[in-house]
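Novice: Take a look at the following structure, please.
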Amino acid sequence: MTFGEQPAYLRVAGDLRQKIVDGQLPPHTRLPSQARIRQEYGVSDTVALEARKVLMAEGLVEGRSGSGTYVRERPVPRRISRSGYRPTGGATPFRQEQADGEGRGTWESSSEQSEASVAVAERLDIEPGERVMCTRYLYREGGEAMMLSTSWEPLAVTGRTPVMLPEEGPVGGMGVVERMRAIDVIVDNVTEEVGARPGLAEELLVLGGVPGHVVLVIQRTFYASGRPVETADVVIPADRYRVAYHLPVK
């Protein structure tokens, strides 16, 4: 194979992909069988199989037990807004969006004390094994799971205070900035790093999808005078949502 030349299985996958995108193979249409691909493109069974695997890994097709491989419905990506760390009206950005009269969002959460892993400890600038409050959220839009979030707060900051449980108490559910302010911890900075990776099996089970589907991961950390006071991983299905940032100009 010369430089720049694609392997045969990628050329076959590319042609089938284009047919899907162009509508020649519309959603719910059965993908040509392995024998048909072999015959049509003049390739081996191995090449035909690898081409089908590529399309499946990209989430363009799905296998149905005892029936074959079919083109998946391609969702129209919806937008999730990120608008900085200072809320208006004392609500988290998700709650603000749902209060605009058009939102159909709901959420559920659970909190438990745990020990900080090495990775979480590094993000919170604490020692591994120190106690943190771990809170897991599942957000839904119109009943459909749309986003997962796991947050960690050092109990050295919030322990034995009215805001120890993020969703309970006098400012429960008001977001990190308002909750920390209630205990005289002033959040003055936030960082967000956005990346992508294949979804974990347990994530895809909740969010919907098949093995290999990609998720966006927003790694967020709130700071007060340089000290991390909360860090979180926000997981979003990449094929269904886009993240839009609205940042103030100073």
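The values are calculated or read from the model by the stated rules, or taken from the named source; none is laboratory data. In this text the structure is predicted, and so the values were computed from the model without any measurement. Cβ sites come from the backbone with ideal geometry, for glycine too, and all protein chains shown count toward neighbours. We work out accessible area using only protein heavy atoms, side chains counted, and drop any ligands, DNA or RNA first. Shrake-Rupley method; radii C 1.70, N 1.55, O 1.52, S 1.80 Å.
Novice: In debye, nearest 20, what is the charge dipole magnitude of the chain about its Cα centre with +1 on Lys and Arg Cβ and -1 on Asp and Glu Cβ, if you could check?
Specialist: 840 debye
Novice: Where does the chain land at 222 nm, in deg cm²/dmol rounded to the nearest 500, when only DSSP H runs of n ≥ 4 count, each adding -39500 (n - 2.57), divided by all residues?
Specialist: Value at 222 nm, helices only, nearest 500: -7500 deg cm²/dmol.
Novice: Bins of 5 Å, beginning at zero and ending with the bin holding the largest distance: percent of Cα pairs per bin for region 150-204, please.
Specialist: Answer for region 150-204: a P(r) of 4, 16, 23, 20, 10, 12, 11, 4 percent.
Novice: For Met146, Met56, Met164, give the ranking by accessible area with the largest first, probe 1.4 Å.
Specialist: Met56, Met164, Met146
Novice: What nm distance separates the two modelled labels at Glu5 and Val206, each placed 7 Å from Cα along Cα→Cβ?
Specialist: 4.8 nm
Novice: Can you give me the distance in nm between label points at Val118 and Ser225, each placed 7 Å from the Cα along the Cα-to-Cβ direction?
Specialist: Between Val118 and Ser225, the simple spin-label model gives 3.2 nm.
Novice: Work out, step by step, the length gained on full extension between Thr191 and Ala35: first 0.36 nm times the residue separation, then minus their alpha carbon distance; give nm to one decimal.
Specialist: Taking Thr191 through Ala35 to full extension adds about 51.0 nm, to one decimal.
Novice: What FRET efficiency comes out for the pair Ser81/Ile183, r = Cβ-Cβ distance, R0 = 30 Å, nearest 0.05?
Specialist: So the FRET efficiency works out to roughly 0.60.
Novice: With unit charges on the beta carbons (Lys and Arg positive, Asp and Glu negative) and the dipole taken about the Cα centre of region 130-187, which residue among Tyr139, Gly169, Pro154 sits farthest to the positive side?
Specialist: So the residue furthest toward the plus end is Pro154.
Novice: Just for the Cα atoms in region 8-71, what are the lengths along the principal axes, largest first, rounded to whole Å?
Specialist: 27, 26, 19
Novice: Put a dot 7 Å past each Cα toward the Cβ at Glu62 and Glu144; how far apart are the dots in nm?
Specialist: A separation of 1.2 nm, rounded to one decimal place.
Novice: How large is Rg/Rh for the chain, to two decimals, with Cα atoms and a Kirkwood Rh?
Specialist: Value, to two decimals: 1.09.
Novice: Another question, if that's okay. Heavy atoms only, 1.4 Å probe, whole protein assembly: order Ser44, Ser65, Ser81 by accessible area, highest first.
Specialist: Correct descending sequence by accessible area is Ser65, Ser44, Ser81.
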